[in-house]
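A short reminder: the numbers here are calculations on the coordinates, not readings from a lab. Here the structure is a predicted model, which means the values were calculated and not measured. Neighbour counts run over all protein chains shown; Cβ positions are idealised from the backbone, glycine included.
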Amino acid sequence: MSGTVIRAGEPHTIRTRGITLLRSGHKEVRRLKRANHTPSIHGNKVWNSSYLIMDHLTKRKLSADEHLMDIGCGWGPLSIFTAKRFGCRVTAVDADPDVYPYLDLHASINKVDVTPLQARFEKLTQARLADVDIVAGADICFWDELTPVLYNLIRRSLRAGVKQIIIADPGRSPFYALAEKCEAGKLNSRVVERRTQTPKALRADLLIIDN
């Protein structure tokens, strides 16, 4: 894949974990905004909890024949990292069509292929999830009404044979409501705190559900 070239030290860039990401002030991002690609469902930047899932996946060591589905992908940092680090198949899901030019831009910069899928969480059927090994989502627990939607998606994923679901969040109340719902439903779930110092000091909790 031919890629957009980003120079070392270029302003408004983040280089971490083997990938290059753009901040909202970067000229290429501003160009997309001028073209009226304005995400409407919080897909307006790189969200920090993605980095903690990246570290979790690095410890888990995905194989090249596994398939990860990145739900609520936004600009796609988690998708880009997974495709580049492990060489595995990645499907990037978001309900907002305006995030995909930013996903495409990051895929081009990092010279990876990611499969986009525009869909709402409730439209991800068991059949669609059947060949997925890992479902992951960072900073997707924004609204209380998403808690039952995400819980039902987790249940469908498990029925479809997904090996692991990982959801990361810095501490919003809908995230903890989802974790409690998973526990009450007797799913094989746990919440673990994770921290990192790169690209800056960050913390997030990971809700991990194993099949």
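Take every pair of alpha-carbon atoms less than 8 Å apart whose residues are at least six positions apart; their mean separation over the length of the chain yields a relative contact order of 20 percent. Summary of the geometry: region 90-104 and region 182-211, compared by the centres of their Cα atoms, lie 24 Å apart.
State the antiparallel share, in %, of DSSP beta bridges confined to the chain, rounding to the nearest 5. Please report the intermediate quantities before stating the final value.
Values: 18 of 35 bridges.
Antiparallel: roughly 50 percent of the beta bridges in the chain.
Magnitude of the charge dipole for region 1-132, about its Cα centre and with charges confined to Cβ atoms of Lys, Arg (+1) and Asp, Glu (-1), is about 500 debye.
At 222 nm, what helix-only mean residue ellipticity would the chain give, in deg cm²/dmol to the nearest 500, using -39500 (n - 2.57) for each DSSP H run of four or more?
On the way: 6 runs with 68 residues, N = 211.
The helix-only estimate for the chain comes to -10000 deg cm²/dmol at 222 nm.
When the charge dipole of region 13-151 is built from unit charges on Cβ atoms (+1 for Lys and Arg, -1 for Asp and Glu) and taken about the Cα centre, the candidate among 117, 151, 29 whose Cα reaches farthest toward its positive end is 29.
Figure legend: label point modelled 7 angstrom from the Cα of residue 198 along Cα→Cβ; residues of region 62-101 with amide N under 19 Å from it are 62, 77-87. Each Lys and Arg Cβ is given +1 and each Asp and Glu Cβ -1; about its Cα centre, region 100-157 then shows a dipole of about 160 debye. Each peptide among 162-170, 189-197, 94-102 gets the average number of other Cβ atoms lying within 10 Å of its residues, and from highest to lowest they stand as 162-170, 94-102, 189-197. Think of region 13-210 as having a plus end and a minus end, set by charges on the Cβ of Lys, Arg, Asp and Glu; of 57, 127, 140, 57 sits farthest toward the positive end of this dipole. Using a Gaussian network model of the chain in which every pair of alpha carbons under 10 angstrom is joined by a spring, one finds that among 110, 152, 48 the greatest mean-square fluctuation is at 152. Within the shell of other residues whose beta carbon sits under 9 angstrom from the beta carbon of residue 126, the net charge comes to +3, with Lys and Arg scored +1 and Asp and Glu -1.
State which entries of 27/163; 59/200; 84/123; 59/181 exceed 29 angstrom in Cα-Cα distance in the structure shown. All intermediate terms of the calculation are to be shown ahead of the outcome.
Details: 27/163 39 Å; 59/200 20 Å; 84/123 27 Å; 59/181 27 Å.
Distance filter (> 29 Å) returns 27/163.
Which cross-chain or sequence-distant (5 or more) residues have an amide H under 5 Å from the amide H of residue 66, H modelled 1.01 Å from N in plane? Long-range HN contacts for residue 66: 89.
Karplus-based coupling profile of region 80-86, in residue order and whole Hz: 4, 4, 5, 5, 6, 6, 10, with θ = phi - 60° in 6.51 cos²θ - 1.76 cosθ + 1.60 and x standing for Gly or Pro. Amide H contacts of residue 48: none lie under 5 Å away among residues 5 or more positions distant or on a separate chain (H built 1.01 Å from N in the peptide plane; Pro and chain starts excluded).
Given the peptides 117-125, 52-60, 81-89, arrange them by the average over their residues of other C-beta atoms within 10 Å, most packed first.
On the way: 117-125: 15.0, 52-60: 18.6, 81-89: 20.6.
Output ranking for 117-125, 52-60, 81-89: 81-89, 52-60, 117-125.
Modelled spin-label separation between residue 142 and residue 27, with each label point placed 7 Å from Cα along the Cα-to-Cβ direction: 3.0 nm.
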